[in-house]
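In what follows, a single structure is set out as structure tokens and then discussed.
The values are calculated or read from the model by the stated rules, or taken from the named source; none is laboratory data. Computed from a predicted structure; not experimentally measured. Ideal geometry is used to build each Cβ from the backbone, glycine not excepted, and the neighbour counts take in all protein chains shown.
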Amino acid sequence: MTEQDFIPKPYTNTLKQGKVTWESPSNIALVKYWGKRDPQIPENPSISFTLSQCKTITTLSYKQKEAISDFSFDVFLDGEKKDAFKPKIETFFKRVEQYVPFLKDFHFTIETKNTFPHSSGIASSASGMSALALCLMSVEKLINVEMSNTFFNQKASFLARLGSGSACRSVEGDLIVWGHTKHVAESSDLFGVKYPYAVHDHFKNYQDTILLIDKGEKQVSSTVGHNLMHNHPYAASRFQQAHDNLEKLKPILETGDLKRFINLMESEALTLHAMMMTSNPYYILMKPNTLEVINRIWKFRENTGLHIGFTLDAGANVHILYPESEKVEILNFIENELVAYCKNGEYICDQIGFGAQEINN
Ligand code: DP6
């Protein structure tokens, strides 16, 4: 598939008004996407678990305009008008217009809400942009009824990528690869694909407990961080490492080797943060409590032999990943020892999920 494949033929059907709703989950990367070039092409492949509880629910209402002018839309978060979100959506609309050429035909009202606390530091761009991309696809499907489900999902992921890279991994579940690598058949820089190889039962309902260490806005946005990978002294070896890690992950996922899984996942998380610390300008997103939690996880793992591991996003929060079979002991440990390091004692229990869903209005 190339970009051209996502440019539709002239539409034959027209729409007056209506609305569509999608809920789309967040995702947590095991091999991290860090570094991109125009137009939202990743410098390395990544793979993520799709989550199930942390999600964005978006309703897109469309009304045909009298005259075709510029983009016209309003955005609401939790029922409140949010003009601050408009520039990001405007940029998204500009990037995707050639693929969904009906954008200027309508006035849109975008009503969105998240199931996780706002500014929790949980990336709402992945779930938010994928929900919006899916809504646009539902509108396109009403205009162009003959569209296969496979194409629908592929194009939704393609559009979501143009909103936020990691969003392309939130359309489907439960393990999604984005970025071309010879180690994963059919993988593409343009959209996410379902991981096509065997996955051991140990990963069924895999748990992700997210400790909210710091709830403030990020000091450095992901987009700025990605750009700092241009001319980064370690960029080439980091990008190669991501390919190597995808290759290494295949037998780990197949055999359910949790020790090696944790090793690879934690190494990826710390490498991501090492890239931030070694870019110029350099910066640190981990907080003292992030390190305290990591050390306690390591100690607990050593003492109990349980398969608890962590990963990090571009922020201070810690994602604790573990198999469902060890849920009781590990949640006990989290509640007794780790919650004290969370802002206001807040954490979120999530688990691997199966992707976005359309909601009937
Ligand atoms: C650290 O997808 O938020 O979470 O493409 O600029 O919107 P943009 O960046 P974004 O980057 C996320 C990076 C990450 C790792 C990952 O999810 O793979």
Completion exercise
Across region 188-220, the tally of residues that are surrounded by 23 or more Cβ atoms within 10 Å (Cβ to Cβ) and small (Gly, Ala, Ser) stands at 1
Practice task
Kindly indicate whether any position in region 81-91 is in contact (Cβ under 8 Å) with a residue 12 or more places away in the chain and hydroxyl-bearing (Ser, Thr, Tyr).
Solution key: no
Problem - Residue match in region 113-127 (condition: among the hydroxyl-bearing types (Ser, Thr, Tyr), surrounded by 15 or more Cβ atoms within 10 Å (Cβ to Cβ), in contact with a Gly (Cβ under 7 Å, 6 or more places away or on another chain) and under 30 Å from residue 236 (Cα atoms)) - result: no
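Being more than 16 Å from the ligand (Cβ to nearest atom), in contact (Cβ under 8 Å) with a residue 24 or more places away in the chain and touching a Cys at 6+ places or on another chain (Cβ under 6 Å): is that true of residue 75 here?
no
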Problem - Checking residue 179 against (1) in contact (Cβ under 8 Å) with a residue 40 or more places away in the chain; (2) touching a Lys or Arg at 6+ places or on another chain (Cβ under 9 Å); (3) surrounded by 24 or more Cβ atoms within 10 Å (Cβ to Cβ), the condition it does not meet - result: (2)
Practice task
Residues that are more than 24 Å from residue 26 (Cα to Cα), in the same structural domain as residue 36 (by TED's automatic domain parsing) and among the basic types (Lys, Arg): find the helices (runs of 4 or more DSSP H) completely inside region 220-326 holding 2 or more of those.
Solution key: none
Problem - Residue list for region 148-173, restricted to those being among the aromatic types (Phe, Trp, Tyr) and within 15 Å of the ligand (Cβ to nearest atom) - result: 158
Practice task
Tell me, please, whether a residue that is under 27 Å from residue 53 (Cβ atoms), of a type outside the set (Ser, Thr, Tyr) and surrounded by fewer than 17 Cβ atoms within 10 Å (Cβ to Cβ) can be found in region 87-99.
Solution key: yes
Practice task
Determine the pairs where a residue that is in contact (Cβ under 8 Å) with a residue 12 or more places away in the chain, located within region 232-248, has a partner that is in a helix (DSSP H, G or I) and among the charged types (D, E, K, R) with Cβ atoms under 7 Å apart, the partner being 6 or more residues away or on another chain.
Solution key: 245/268
Practice task
Look through region 217-244, keep the residues that are farther than 13 Å from residue 275 by Cβ and within 17 Å of the chain's Cα centre (by Cα), and return whichever of them is farthest from the ligand (Cβ to nearest atom).
Solution key: 218
Exercise for the section: Return yes when residue 340 is surrounded by fewer than 18 Cβ atoms within 10 Å (Cβ to Cβ), within 16 Å of the ligand (Cβ to nearest atom) and in a helix (DSSP H, G or I) and no when it is not. Expected result: no
Practice task
Might you let me know whether region 3-24 holds any residue that is of a type outside the set (A, V, I, L, M) and in contact with a Cys (Cβ under 8 Å, 6 or more places away or on another chain)?
Solution key: yes
Practice task
Just give me the residues in region 50-90 being of a type in the set (Ser, Thr, Tyr) and under 17 Å from residue 135 (Cα atoms), in sequence order.
Solution key: 56, 58, 59, 61, 62, 72
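Which ones in region 285-310 are aliphatic (A, V, I, L, M) and farther than 15 Å from residue 327 by Cβ?
Listed by number, the residues that qualify are 285, 286, 291, 293, 294, 297.
Can you pull out the residues in region 25-73 that are part of a loop (DSSP other than H, G, I, E, B) and of a type in the set (A, V, I, L, M, F, W, C)?
Listed by number, the residues that qualify are 34, 67, 68, 71.
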